[in-house]
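Some notes on the structure that comes next.
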Amino acid sequence: GSTLFIDPATRANLELLRTLSGSRDGSLFKAIDRTVTGGGARLLADRLMAPLTDPAAIAARLDSVSFFRSEVRLCQSLRASLKSVADMPRALSRLALNRGGPRDLGALRAGFEAARAIAELFAAAALPAELAAALA
């Protein structure tokens, strides 16, 4: 595929998510994690565990990183909007399993409101292809 399979022993030895002693401190994840949502942290962990192998996909990802590094105000506004978002996938999961409640519905409402605000942030931006495709 377009991602590299890393076997569990190699993952452990690379200390991607945890050190050999089991601590998050000292892991690659801890060193680079600047996420503000649970979903963002899970996505980063997934990407560390299965890195891209396709040069075009890697270049597209780097274009997205460069975009956010150059658009400081947009990035700050995006981070502020995301901080207010509850963990929507978890709320959806609880609701799908009939274990959810009003708090989960409120989390979804707040998430959709934040999504609208985020879409407005990106509306005037010249997005790189990977981001444009993700938002389409």
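The values are calculated or read from the model by the stated rules, or taken from the named source; none is laboratory data. Fair warning: this is a prediction, and the values are worked out from it, not measured in the lab. We place every Cβ from the backbone using ideal geometry, glycine too, and count neighbours over all the protein chains shown.
Among the residues of segment 75-105, those identified as assigned to a helix (DSSP H, G or I) and among the hydroxyl-bearing types (S, T, Y) are S77, S81, S93. Close contacts from segment 28-40, counting a first residue that is without any contact (Cβ under 8 Å) to a residue 40 or more places away in the chain and a second that is charged (D, E, K, R) and surrounded by 14 or more Cβ atoms within 10 Å (Cβ to Cβ), with Cβ to Cβ under 9 Å and a gap of 6+ residues or different chains, come to L28/E15; F29/E15; F29/R18; K30/R18; R34/R79; T35/R42.
Considering each residue of segment 110-120 in turn, at least one proves to be surrounded by 14 or more Cβ atoms within 10 Å (Cβ to Cβ) and either in the same structural domain as G40 (by TED's automatic domain parsing) or touching a residue at least 40 places away in the same chain (Cβ under 8 Å) (or both). Within segment 49-79, being more than 21 Å from S2 (Cα to Cα) and exposed (fewer than 13 other Cβ atoms within 10 Å of the Cβ) holds for S66, R69, S70, V72, R73, Q76. If you go through segment 1-39 and keep only what is of a type in the set (S, T, N, Q) and over 30 Å from A80 (Cα atoms), you end up with S2, T3, T10, N13, T19, S21. Would you call A126 over 24 Å from R34 (Cβ atoms), modelled with pLDDT of 90 or more, outside the structural domain of A41 (by TED's automatic domain parsing) and surrounded by fewer than 12 Cβ atoms within 10 Å (Cβ to Cβ)? No, not satisfied.
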